[in-house]
Structures are given as structure tokens and as C-alpha cells.
1. Using each residue's phi in the stretch A:61-67, evaluate 6.51 cos²θ - 1.76 cosθ + 1.60 at θ = phi - 60° and report the 3J(HN,Hα) Karplus result to the nearest Hz, with x for Gly and Pro.
2. Rounded to whole Hz and in sequence order, give me ³J(HN,Hα) for the stretch A:162-176 from the Karplus expression 6.51 cos²θ - 1.76 cosθ + 1.60, θ = phi - 60°, writing x for Gly and Pro.
3. From the mean inverse distance of alpha carbon pairs (Kirkwood) and the Cα radius of gyration, derive Rg over Rh for the stretch A:64-128.
4. Whose amide H sits under 5 Å from the amide H of B:ALA156, counting only residues 5 or more places off or on another chain, with H placed in the peptide plane?
5. Hey, how many Å between the Cα centroid of the stretch A:157-205 and the Cα centroid of the stretch A:86-116?
6. What helices does chain B have that are whole DSSP H segments, at least 27 Å long along their own axis by Cα, and with mean Kyte-Doolittle hydropathy of 0.5 or more?
7. Does chain A classify as rounded, prolate or oblate by the C-alpha gyration tensor (a ≥ b ≥ c root eigenvalues; a/c under 1.5 gives rounded; else a/b over b/c gives prolate, otherwise oblate)?
8. For a test of the definition: using alpha carbon positions, the gyration tensor, and the 1.5 limit on a/c, classify chain B as rounded, prolate or oblate.
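Read-outs: derived from the displayed coordinates by stated rules, not from any lab. As the structure is a prediction and not an experimental result, all values here were calculated from the model. Here the Cβ positions follow ideal geometry from the backbone for every residue, glycine too, while neighbour counts run over all protein chains shown.
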Amino acid sequence: MRREVPLAIAFVTGAMILFEYFLQPLWKDSKIWAQMLQNWGTVVSGFAMGLAAMNLITVNLRRMDPKRNVEWYNPLILLLGMAAMAGSGVFLGTRSAPWQFLFKNIFQPLGSAMFALMIFFIASAAQRAFRARNLEAVVLLVSGIIVMLGRAPIGELIGLWLPAWADWLVKVPSLAGNRAVMMGAALGMVATAFRALVGIDRAYLGGE
Amino acid sequence: MITAGKISTFLMFVLMIVSIEIMMSRAKRGHLPYVRRIAGIEAMEEAVGRATELGTPVFYVPGRTEINTAGAAQTMAGLEILSYVSELTAKYGTELRTAIAAPNVQPVAEEIVRQSYIKQGKAEAIKPEFVQFLSNEQFAFAAACLDIMHRERVGAAIMVGEFQAETMMLVEGAAQANAITICGTSRTFQIPFFVAAADYVLIGEEMFAGGAYLSKDPVKLGSIAAQDIGKFVGTAFIIIGAILFTMGNKTLLNFIKM
């Protein structure tokens, strides 16, 4: 029963959503039921957030032992930050001044700073990827140079052929490759979803 | 009867399901399909072995998407591979760090890792650190992953699932920590980042085939063969459609729009 009940719930839920998507004219109320099932999913996700928070607290409390971790203050800062953010949001509301202050002056700038750091990761990866070690890497290197120069203002100064070549590379070989990947991935998703729906894949039950 | 505008999609969906059923029953009767070698999947044991030799943890990310969204199939593919990787870490006694961004993936991943350790008779070795929820905020998650990879000097980093703009940070961060990197996604915008920075990449359908490939389950392998039928039909549609449209015939285009 521990396996059968979740499998039955997954099958009924999946079948209901599929029915509503394709065959709604056959049963008008299917839209209401499908919406209700999706709302239940949101509620379950809410409970999952509580479990995830418990895991975060457990792991970081273990890391706060100065004997095991010389940087024991980092998890402490994390837990204090979490308590301040969650506490001000739950008890004072997300429109309150303390929560807004934390969000606008700490949370958002930190997110922006991380995003800005990405350029260094891209530069570092490009430096390794663009080494002409074999034929594929040479093709990548040449294509990369043409597209980068062709899309920059300097490209037109070098020659009008450069933006045209860059456009061709992006719109023909690159797009064709993308579409092939998308087609394969879409079919893979259908097969994976079907296996889950009929209970062949049970990863969502915690493996088998 | 069928919702307007979804008739052709429905017919293609039914065709795909029928093909999967036929190929799975053929596989059950012993007609196993040929599945080509997938380098990224085969390198996983090598990656875990390297981390074991170095005495460092294996870092795993099953994507950043929740299990009840459009990207769920990718997350499930990532979780299937987590099952295999955690069995390997249990077998070799290697530390595992699974980073979770989606709250509803956390209990599933925990249970998968628990089952793998029980299967290998190592239930007592499970630690809370094996599966960690970090944050559901994109760059907070990326920052926490970078911290784990650098602080614990992970020997292998395996990331399979749906990723967004944090892709480059994760894979390049792992490379900078000298970890062997195996990545997979079917998001076309992120594949180039993985290709540029990772040692092995599972592109698109390869990540969905991963679970079946590793399990060697005939039924699952049968469903992979059905994907090939779908690809043949899709390619035929593209070629015939291109020829017809060039000749000014819009029959196929009108069928797709049905």
C-alpha cells in the first residue's frame, strides 16, 4: 500500500491534467478539477518549504561547532539572516519597513553582485573552451570569433560581410542544431512523463 | 471533442504513447533495442572513483526546478541519475553533497539517497549533509554551491536537470575546484555553457535516456527506442513540410495548426 497509493494518486492526477489539456470539451468541469489538483500541488509545495527549512537549519547547526569548523560563524550569519528575513516577513508582513529594508539593501544587491560576477566565470570558461586542441575546438573558436565580432559595432568596420556571416551562423547551423536538440528533448520528456504516469519510473517516490 | 488548436498535438501524443507501449512490450519479450554508448553516463563511475581516491566529496545538483512544474521531467531525470550516483558513493564510502534549490525536491532526493544507502547496506553512514536544501533564490543557490565546491574541494561535480543563468557559475566553479564535471540539461540556452566548461555533457535527450541506460531495465530501454520512432516521424514532417511549403502547398502547415 505504501507504493500503490502514491502511484494511484500520481496516475489519476496526471491523467486528469492531460484530459483537461486535450479533451476539455468532453467534460467542461475538468478545468475546475485540474485547477484544484494544481492548487493542491501548491499547498504540498508549501509544506515542502517547511521541510526544506528544517534541513537548512539542521545542516547549519551541525556546522556551527567550532571544533569541527573553523568558519563556524558563517552558518551563524546565515541562520540569523534567515530568522530576520522570515521573522519580519511573517510577523510584520512583506510590506513592512524592516522587511523592505532587508530586501532592498541586502538581498537585492547581493543577488545583483552575484549576477555581475558571472562575466568572470564566462571569461574563465571561454579561455579554456577556445583553445584550438582539435578540429571541433577550431570550429568553435572560428565560429565564436565571427559571431562575437559580427555582433559588435567593430564588425561592420572590418567588413559588412562579417555581420552577415555571424547572422548566417546563428540563423542556420546554430538554429538547426537547437531545433534537433529541442525535438529530442521533447520526445524524451514525453517518454519520461509517460513512464512516471504508469509507474515504471518511480524516482518521485524516492527511488525503487 | 478535442480542444481546438490541439488536435495535431493530441494525435502526435497518442502516436508517441502507442509507440512507447509497443516498444516496451517488444523489449519485455526480449527484443532489446540498441542504445549507443553515452560517454557522460559512463564517466560517472570514473568521476565518483576519482573523488574516492582524492578523499573528497561528490557534488550533485538535480537541477533547480520544482517537481510539479513544466521542467519536472528534467528534474526526474536528474533524480534518477542521483539514485545511481548515491549508490556508487554508498558502495565506495565517498561523501556526497546534493544541493537542492526546489523545496519539494528535497524530501524526494533525501529518500532516494536513503534508499541507495540501505540497498548497499550502509544506512548508518547517512548524514544530513548528503542532501542539503540551499535556497530557492537563483543566485543565493549559486553562491552556496560555489561555497560547498570550494570549501570541501569536491573531486567530482555532477549536475543533471533544468538550469538557468546560474549554469556557468556552477560548472566553471566546479572546474576551478579541479573537479571532474559531468553536466546535463535540455535547455538549449544553457547547453553551450555546459559544452564550453564541462568535461562531459548530456545533451537534451541523453539525460532522459540516462536512467534507463543505467538501470538496463528492458521496459525503460524500450521507451527509448520509441523516442527514435518519434524522431523519424518528426524528421519526416520537417522534410515533407519544407518540400510542400516550397511548392506553395500548406496542407501540412494547416494540419499542424489544427
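1. With coefficients 6.51, -1.76 and 1.60, one gets 5, 5, 7, 7, 6, x, 6 Hz.
2. Residue by residue, the stretch A:162-176 yields 5, x, 5, 4, 4, 4, 4, 4, 6, 8, 10, x, 5, 5, 4 Hz.
3. Numbers: Rg = 16.7 Å, Rh = 14.3 Å.
When Rh is taken as the Kirkwood radius, the ratio is 1.16.
4. Residues meeting the amide H criterion: B:PHE59, B:ILE180.
5. Distance between centres, Cα-based: 37 Å.
6. Working: long enough: B:7-28 (31 Å, 1.55); B:72-92 (30 Å, 0.42); B:218-246 (42 Å, 1.32).
Helices passing the filter in chain B: B:7-28, B:218-246.
7. On the way: a/c = 1.99, a/b = 1.20, b/c = 1.66.
Judged from the Cα gyration tensor, chain A comes out oblate (a/c at least 1.5, b/c at or above a/b).
8. On the way: a/c = 2.17, a/b = 1.72, b/c = 1.26.
Cα axes put chain B in the prolate bin.
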